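Mind having a look at this structure? Questions to follow.
Derivation of every value follows stated rules applied to the coordinates shown; laboratory data play no part. Not measured: the values here are computed from a predicted model. Every residue, glycine as well, gets a Cβ built from its backbone with ideal geometry; the counts of neighbours run over all protein chains shown.
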Amino acid sequence: MAIKKSAKKAAKRALKNYEVNLVVKLAMKKSVKSFLKNVDDGTESKELNVILSDTYSKIDKAVRQWLLKKQTASRKKSRLAKKVS
């Protein structure tokens, strides 16, 4: 366990950041899974575009919080867009 006061604060902050990051990551993964499920079910393209837009925003939020690299997000978005067409 941390001994110094600053180390205790850093440990507390790391735990808080972990929890926040986990929420964002899980929301992104859930959105991607939902999109892929709708693609497999044969949902209409208008509806798919709305779901895809929502998924893009979740991926972009993960990039803004440094949970994903830009190129990784770009690759994920590209692969999802291929599924629509």
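Could you compute the net charge surrounding Lys83? Neighbours are other residues with a C-beta less than 13 Å from the C-beta of Lys83; K and R count +1, D and E count -1.
Overall, the nearby charge balance is +4.
Percent relative contact order of the chain, based on C-alpha pairs within less than 8 angstrom and at least six residues apart?
Taking the mean separation of contacting Cα pairs over the length of the chain, I get 30 percent.
About the Cα centre of the chain, how large is the charge dipole given +1 on each Lys and Arg Cβ and -1 on each Asp and Glu Cβ? Please answer in debye to the nearest 20.
Result for the chain is approximately 860 debye, rounded to the nearest 20.
Report the longest stretch of the chain that contains none of the trypsin sites (Lys or Arg not before Pro) sitting in a DSSP loop with at most 15 other Cβ atoms within 10 Å.
No qualifying site falls inside 5-68, the longest such stretch.
Continuing with this model, one more query. List the lysines whose alpha-carbon lies under 23 Å from that of Lys25, not counting same-chain residues fewer than 8 positions away?
Hits, sequence-local ones excluded: Lys12, Lys16, Lys33, Lys37, Lys58, Lys61, Lys69, Lys70, Lys76, Lys77, Lys82, Lys83.
Quick check of the Kirkwood formula: for the chain, what is the inverse mean of 1/r over all pairs of different Cα atoms, in Å?
14.5 Å
Also, quick follow-up: Could you calculate the contour length gain from Lys8 to Val32, that is, 0.36 nm times the residue separation minus the distance between their Cα atoms, to one decimal place in nm?
So the chain would gain 5.0 nm between Lys8 and Val32.
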